[in-house]
1. Could you look through the stretch 61-91, keep only residues that are surrounded by fewer than 24 Cβ atoms within 10 Å (Cβ to Cβ) and aromatic (Phe, Trp, Tyr), and pick out the one that is modelled with the lowest pLDDT?
2. Among Thr152, Thr169, which is the only one that is surrounded by fewer than 21 Cβ atoms within 10 Å (Cβ to Cβ) and hydroxyl-bearing (Ser, Thr, Tyr)?
3. Write out, first by first residue and then by second, each pair whose Cβ atoms fall under 6 Å of each other, whose residues are 6+ apart or on separate chains, and whose first residue, in the stretch 24-45, is modelled with pLDDT of 95 or more while the second is of a type in the set (Asp, Glu).
4. So is Leu53 more than 21 Å from Val178 (Cα to Cα) and part of a helix (DSSP H, G or I) or not?
5. Would it be correct to say that Cys82 is within 20 Å of the chain's Cα centre (by Cα) and in contact (Cβ under 8 Å) with a residue 60 or more places away in the chain?
6. Can you pull out the residues in the stretch 89-108 that are within 17 Å of Phe34 (Cα to Cα) and without any contact (Cβ under 8 Å) to a residue 12 or more places away in the chain?
7. Residues being among the aromatic types (Phe, Trp, Tyr) and under 18 Å from the mean Cα position of the chain (by Cα): count how many of those fall in the stretch 93-116.
8. What helices (runs of 4 or more DSSP H) lie completely within the stretch 122-210 and have 2 or more residues being within 23 Å of Ser24 (Cα to Cα), modelled with pLDDT of 90 or more and of a type in the set (S, T, N, Q)?
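The values are calculated or read from the model by the stated rules, or taken from the named source; none is laboratory data. The shown structure was predicted, so the numbers you read here are calculated from the model rather than taken from an experiment. Cβ placement follows ideal geometry from the backbone for every residue including glycine, while neighbour counts extend to all protein chains displayed.
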Amino acid sequence: MVNKKPIHEISIRLMIPNIITILSFCSGLTSIRFALEGRWEGAVLCIVISMILDGMDGRVARLLGATSRFGALLDSLADLVCFGFAPAFLIYCFAVGKFIKFGWSGVMFYTTCMALRLARFNALEEQGGSSDFPKNYFMGVPAPAGALLVVTPVCCYLATDMMIFTSFTLNVAILWCVGLLLISRIPTLCLKNMRIQQAWILVCAIFFVLSVVLLYTHVWLGLGCMSLCYVLSIPYTLFRSKYI
């Protein structure tokens, strides 16, 4: 009898987190397509879907015991497309494309800052984090939050039909400001590490329910309000962490 070499098999369980990451990547690519077609609602929703999937893949990987270096690198590449280029290109098509030279500079700056942030995040993860940075906080604005901030003018336009949100100056300024926040050392909220005092549990629960209702009934207004709340949280985290 001829001895056959053993077939190396991979459990489906180990592939599930990577499949979720690939779905997130495809959603980001679809957002770019919708932006080219001027379908702003679909473009923003695809980015939001990528945010949801991005929040799932790491948790699913830890739950299933399927974390790997390959998965971490794949996640970073997907984040660069979904939260770096896709939202910047959406804003380029939405508001700044008429001023090609200056508009594209904002796209390049934001996307480059996103790449630098993801590279720094991976490097710090390998080193076990930064010893001089307060624990339980992100260093700078995380990638999904940065994408949401960038597309906020589109959400506000869809909610109100006000042309001010299509302003070239406003959108380019947001690209540059969010890009700087991505690579900054400003401590920002890390929801998974937040601890809520017992006295505030009911208030937070009510706020959460109201947020879900607002997102369900007025999705664009809800996303805009989420961005505003996140921006307002930055001074709070600066004060709370006592780190500037």
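1. In this case the residue turns out to be Phe70.
2. Working: Thr152 fails: surrounded by fewer than 21 Cβ atoms within 10 Å (Cβ to Cβ).
Matching residue, one of Thr152, Thr169: Thr169.
3. Short answer, once both residue conditions are applied: Ser24/Asp54.
4. Values: more than 21 Å from Val178 (Cα to Cα): yes; part of a helix (DSSP H, G or I): yes.
Answer is yes for this residue.
5. On the way: within 20 Å of the chain's Cα centre (by Cα): yes; in contact (Cβ under 8 Å) with a residue 60 or more places away in the chain: yes.
Criteria met by Cys82.
6. Once the filter is applied, which keeps residues that are within 17 Å of Phe34 (Cα to Cα) and without any contact (Cβ under 8 Å) to a residue 12 or more places away in the chain, the stretch 89-108 yields only Gly97.
7. Step one: of the stretch 93-116, the residues among the aromatic types (Phe, Trp, Tyr) are 94, 99, 102, 104, 109-110.
Now restrict to residues that are under 18 Å from the mean Cα position of the chain (by Cα): 109-110.
Number of matching residues: 2.
8. Values: elements: 143-150, 152-160, 168-183.
Qualifying helices (runs of 4 or more DSSP H): none found.
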